[in-house]
1. Residue 97 passes all but one of (1) closer than 20 Å to residue 30 by Cα; (2) hydrophobic (A, V, I, L, M, F, W, C); (3) surrounded by fewer than 17 Cβ atoms within 10 Å (Cβ to Cβ); which number fails?
2. Go through 123, 138 for me and flag whichever is more than 13 Å from the chain's Cα centre (by Cα), assigned to a loop (DSSP other than H, G, I, E, B) and not polar (S, T, N, Q).
3. For residues that are among the hydroxyl-bearing types (Ser, Thr, Tyr) and over 21 Å from residue 27 (Cβ atoms), tally how many sit in region 38-94.
4. Hey, can you tell me all the residues within region 112-139 that are crowded, with 16+ Cβ neighbours inside 10 Å and under 29 Å from residue 33 (Cβ atoms)?
5. Take residue 65 and tell me if it is in contact with a helix residue (DSSP H, G or I) (Cβ under 6 Å, 6 or more places away or on another chain) and assigned to a helix (DSSP H, G or I).
6. Does region 5-16 include one or more residues that are assigned to a helix (DSSP H, G or I), out of contact with any Pro (no Cβ under 6 Å at 6 or more places or on another chain) and either touching a residue at least 24 places away in the same chain (Cβ under 8 Å) or not aromatic (Phe, Trp, Tyr) (or both)?
7. For residue 91, state whether it is of a type in the set (Val, Ile, Thr) and assigned to a helix (DSSP H, G or I).
8. Those residues that are without any contact (Cβ under 8 Å) to a residue 12 or more places away in the chain and among the acidic types (Asp, Glu), I need them from region 98-123; list them, please.
Amino acid sequence: MNSQDSSRIAVIDGQGGGIGSAIIRRLKDEFGEQLEIWALGTNAIATAAMMKARANRGATGENAIVQCAGRVGVITGTISILMAHAMMGEVTPAIAAALAASPARKMLLPLSQEPIDIIGVHKEPLPHLIEQLVAVLKEQSGHV
């Protein structure tokens, strides 16, 4: 599997890992083992929660996220993962820069606790956003 293989997906989350866990559970339900899911947490609690949701691999912290960002085909999480100092400071400038610079396709959910509004995007509940993510992944991977 090369580094840009879209079947290797990094799910990035912080704080309690709840959003990342929900994404991973749904991806596993839909794709099973067709996807290799890497849980990359900004802290150990987030990584543990995502591993419990059945991620294939997990790593924690700035260096792990920076090193893994270029080794996956898709990066997903909330829009906050591209914003330095987001998630109460858990997203470091190095994390935000590495994720933004990664050649991986970014499929981001328009959710943020930061003072940012994404114009032109309608607010949707998390389950609806995850369903849209799954639909795009299916379309792009040929699993339609």
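1. Of the numbered conditions (1) closer than 20 Å to residue 30 by Cα; (2) hydrophobic (A, V, I, L, M, F, W, C); (3) surrounded by fewer than 17 Cβ atoms within 10 Å (Cβ to Cβ), the odd one out for residue 97 is (1).
2. Sole residue among the options that is more than 13 Å from the chain's Cα centre (by Cα), assigned to a loop (DSSP other than H, G, I, E, B) and not polar (S, T, N, Q): 123.
3. 1
4. Matches in region 112-139: 129, 130, 133, 134, 137.
5. yes
6. No, region 5-16 contains no residue that is assigned to a helix (DSSP H, G or I), out of contact with any Pro (no Cβ under 6 Å at 6 or more places or on another chain) and either touching a residue at least 24 places away in the same chain (Cβ under 8 Å) or not aromatic (Phe, Trp, Tyr) (or both).
7. So residue 91 does not fit the description; no.
8. 117
Read the figures in this text as sums done on the coordinates, not as results from a lab. In this text, all values refer to a predicted model and were calculated from it rather than measured experimentally. All Cβ positions, glycine included, derive from the backbone under ideal geometry; neighbour counts span all protein chains shown.
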